[in-house]
Amino acid sequence: MTKITKDDLRSRKWFMNPDNLEMTALYLERYLNYGLTREELQSGKPIIGIAQTGSDLSPCNRHHLELTKRVRDGIIAAGGTAIEIPVHPIQETGKRPTASLDRNLAYLSLVETLFGYPIDGVVLNIGCDKTTPALLMAAATVNIPAIALSVGPMLNGWWKGERAGSGTVIWKAREQLAAGDIGTDEFMEIAAASAPSVGYCNTMGTATTMNSLAEGLGMQLPGAAAIPAPYRERGQISYETGKRIVEMVWEDLRPSDIMTREAFENAIAINSAIGGSTNAPIHLNAIARHLGVPLDNGDWQRVGHHVPLLVNMQPAGKYLGEDYQQAGGVPAVVGELIAGGLLPHPGAITANARSMGENCEAFRSKNTDVIKPASDPMKEHAGFINLSGNLFESAIMKTSVISPAFRQKYLSNPDGPDVFEGRAVVFDGPEDFHHRIDDPSENIDETCILFMRGAGPKGYPGAAEVVNMRPPAYLIKKGVEALPCIGDGRQSGTSGSPSILNASPEAADGGGLALLQTGDRVRIDLRKGTADMLVPLDELNERARALEAAGGYAVPESQSPWQEMFRERVGRLDHGMTLEGADKFRDIARQ
Ligand code: FES
Ligand code: MG
């Protein structure tokens with residue numbers, strides 16, 4: 001299905017421009033100087049960029065350095081020329097203050113690179129949390145043919161005969177540490193046991209979520225998301241991905257053809273079925289924004305809330321990445337959703353030019369303890385709820401991780417989402433939380449709701465993953481494992497905490513959270529989707545005046561030029577935390 005000829009390749013403007021031989025020579029000589037030939041650059045082979053996110057600084061994606069060899073083989077076998085593109089590194093667990101600060105920076109730099117250099121198509125090396133959205137956002141803006149390639153999850157981690165999942169095991173062990181059940185060395189050994197090989201987090205955290213959704217959006221080859229990094233199939237799918245991107249260039253199949261409104265609705269349904277991360281709405285709303293596709297948190301509830309949880313993976317369940325792959329990965333999840341009539345748009349087109357339905361309808365779970373059929377799910381109605389009220393205009397709650405114990409304690413209707421009320425204990429940023437949480441004079445008990453503010457995109461540049469706060473150690477010792485948590489920051493996708501998060505607008509951006517005080521009563525109604533402080537309007541107005549007189553909600557100083565620029569331009573979490581104004585640039589490669 002060839003749609004374009006070699007004269008239509010955008011790289012021809014650089015390497016084969018008869019109207020400007022001087023510039024052609026200049027462009028050519030510097031790519032020839034390391035050994036490329038004129039034949040490779042001038043004979044009409046598509047120039048394929050490989051957006052390289054693997055490096056020593058980014059261990060989750062480091063295996064891409066190896067896989068890229070197979071991608072190159074595929075590109076060359078299909079008649080293309082491969083050019084590796086360094087991408088600004090983002091390591092989720094290594095970057096201070098938070099890796100999400102750099103998502104938009106990697107986005108910006110990749111947009112400039114793809115736009116400004118002779119690239120006809122691109123392979124997006126995705127993996128660690130923010131690398132996936134950053135690269136898909138850039139592909140959305142530039143809109144040259146693009147295909148994503150996951151680096152794959154790590155092998156399963158094990159500790160004392162039990163699966164030890166990335167992140168999740170640390171959130172659990174920190175409670176044991178706080179209670180004095182384990183010491184520092186054992187804590188570190190448990191953490192290391194969860195990371196036994198190359199690859200990204202083996203839980204259904206943000207990485208597995210976003211890689212699954214990149215396939216669910218149609219931007220990866222079918223089955224490409226879940227293959228663990230060290231498996232032989234990972235090298236093989238890398239080769240197939242390299243071959244396929246060359247064909248996509250000739251077919252002129254672009255991100256805007258694949259990532260349509262239908263594709264996003266499919267991804268939302270898939271996110272519910274996999275028990276995906278609360279970071280997914282931020283990132284998908286951002287990608288959609290850069291494509292001009294309308295998408296908001298209301299859509300997440302409308303399209304996703306009724307969809308059941310099918311995948312039994314930590315933190316919502318028991319298994320890890322290898323089990324997910326062996327049970328069939330994303331094609332099996334999609335096949336089960338289609339069988340249950342739960343995939344909104346089976347006709348959505350994907351990177352292999354076939355529809356999601358054509359790719360996946362024949363697939364079923366190969367292990368129904370790991371991927372359940374829609375007729376016998378892990379949990380009904382497993383998607384997100386979108387809440388609003390005088391605390392914020394929008395915040396989401398992941399219902400698939402509400403534990404039976406939490407439900408019993410806080411929700412008067414144990415069978416379904418309901419109402420809870422409590423006394424607010426307010427923290428201004430993670431440092432304040434760490435200083436005060438174990439202080440007995442705070443009088444925190446089981447009737448309290450913990451609030452984290454000053455942790456949004458402007459308050460804590462990039463929005464910190466800190467809303468999932470542990471209870472005070474003295475309560476943990478009494479057996480209280482979790483308190484309800486609400487905040488304008490994010491939480492790690494590997495956390496099983498049923499928090500209400502991504503509250504927008506944030507306290508530092510005029511949000512109602514800035515007016516809340518410790519001791520206020522707060523009421524959450526999950527049926528009506530409301531979240532309010534039970535404070536009289538006069539009193540709230542008075543607090544708003546006082547806050548304004550004090551110069552507004554105080555945030556710490558920026559520590560770097562980018563933090564400052566980011567804060568000046570960044571939008572709300574529910575709008576995807578994109579840079580304001582960036583979304584007016586669409587389809588720029590065709591200019
Ligand atoms: Fe990189 Fe989890 S920290 S994937
Ligand atoms: Mg994270």
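Values computed for the structure shown
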item	result
Test for residue 79: is it touching a Leu at 6+ places or on another chain (Cβ under 8 Å) and part of a loop (DSSP other than H, G, I, E, B)	no
Helices (runs of 4 or more DSSP H) contained in region 254-322 and holding at least 1 residues within 16 Å of the chain's Cα centre (by Cα), of a type in the set (Val, Ile, Thr) and farther than 26 Å from residue 244 by Cα	261-274, 280-291
Residue ID - farthest from residue 459 (Cα to Cα), chosen from residues in region 555-585 that are small (Gly, Ala, Ser) and surrounded by fewer than 14 Cβ atoms within 10 Å (Cβ to Cβ)	581
Any hit, region 123-141, residues being touching a Phe, Trp or Tyr at 6+ places or on another chain (Cβ under 9 Å), within 16 Å of ligand 1 (Cβ to nearest atom) and among the small types (Gly, Ala, Ser)	yes
Flag if residue 482 is in a loop (DSSP other than H, G, I, E, B), away from ligand 2 (no atom under 15 Å from the Cβ), in contact (Cβ under 8 Å) with a residue 60 or more places away in the chain and buried (at least 22 other Cβ atoms within 10 Å of the Cβ)	yes
Failed condition for residue 513, given (1) crowded, with 23+ Cβ neighbours inside 10 Å; (2) outside any loop (DSSP other than H, G, I, E, B); (3) under 24 Å from the mean Cα position of the chain (by Cα)	(3)
Per-region count, region 205-244, residues of a type outside the set (Asp, Glu), assigned to a helix (DSSP H, G or I) and within 23 Å of residue 153 (Cβ to Cβ)	20
Helices (runs of 4 or more DSSP H) lying entirely in region 127-197 (those with 3 or more residues that are polar (S, T, N, Q))	131-142
Selection count, region 100-126, where residues are within 16 Å of ligand 2 (Cβ to nearest atom) and assigned to a helix (DSSP H, G or I)	6
Top-ranked residue in region 83-101 [being away from ligand 1 (no atom under 13 Å from the Cβ) and surrounded by fewer than 24 Cβ atoms within 10 Å (Cβ to Cβ); ranked as farthest from residue 560 (Cα to Cα)]	83
Residue match in region 107-122 (condition: within 16 Å of ligand 1 (Cβ to nearest atom), within 20 Å of residue 211 (Cα to Cα) and at pLDDT 95 or above)	no
Region 317-342, subset touching a residue at least 60 places away in the same chain (Cβ under 8 Å) and more than 17 Å from residue 154 (Cα to Cα), residue surrounded by the most Cβ atoms within 10 Å (Cβ to Cβ)	333
Odd one out for residue 502 among (1) touching a strand residue (DSSP E or B) at 6+ places or on another chain (Cβ under 6 Å); (2) assigned to a loop (DSSP other than H, G, I, E, B); (3) closer than 22 Å to residue 129 by Cα	(2)
Criterion: at pLDDT 95 or above, within 17 Å of the chain's Cα centre (by Cα) and either assigned to a loop (DSSP other than H, G, I, E, B) or more than 16 Å from ligand 2 (Cβ to nearest atom) (or both) - qualifying residue of 496, 456	456
Some residue of region 49-58 being at pLDDT 95 or above, in a helix (DSSP H, G or I), among the hydrophobic types (A, V, I, L, M, F, W, C) and within 15 Å of ligand 1 (Cβ to nearest atom)	no
Subset of region 102-129 [over 26 Å from residue 240 (Cβ atoms) and crowded, with 24+ Cβ neighbours inside 10 Å]	103, 104, 107
Condition broken by residue 180, with the remaining ones in (1) within 24 Å of residue 332 (Cβ to Cβ); (2) at pLDDT below 95; (3) away from ligand 2 (no atom under 16 Å from the Cβ) satisfied	(1)
Wholly within region 345-452, strands (runs of 3 or more DSSP E) carrying at least 3 residues that are of a type in the set (A, V, I, L, M) and modelled with pLDDT under 90	none
Qualifying residue in region 516-528 (condition: crowded, with 16+ Cβ neighbours inside 10 Å, farther than 30 Å from residue 168 by Cα and more than 25 Å from the chain's Cα centre (by Cα))	yes
Pair list, Cβ under 6 Å, 6 or more apart: region 286-308 residue under 14 Å from residue 573 (Cβ atoms) and buried (at least 24 other Cβ atoms within 10 Å of the Cβ), other residue at pLDDT 95 or above and among the small types (Gly, Ala, Ser)	286/576; 297/394
Residue pairs meeting the criteria (Cβ under 7 Å; at least 6 apart or on separate chains; first more than 22 Å from residue 245 (Cβ to Cβ) and away from ligand 2 (no atom under 13 Å from the Cβ), in region 77-99; second at pLDDT 95 or above and of a type outside the set (Val, Ile, Thr))	89/55; 89/57; 89/58
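The values are calculated or read from the model by the stated rules, or taken from the named source; none is laboratory data. From a predicted model like this one, the values you see are computed outputs, not experimental measurements. Here the Cβ is made from the backbone with ideal geometry for all residues, glycine too, and neighbour counts use every protein chain on show.
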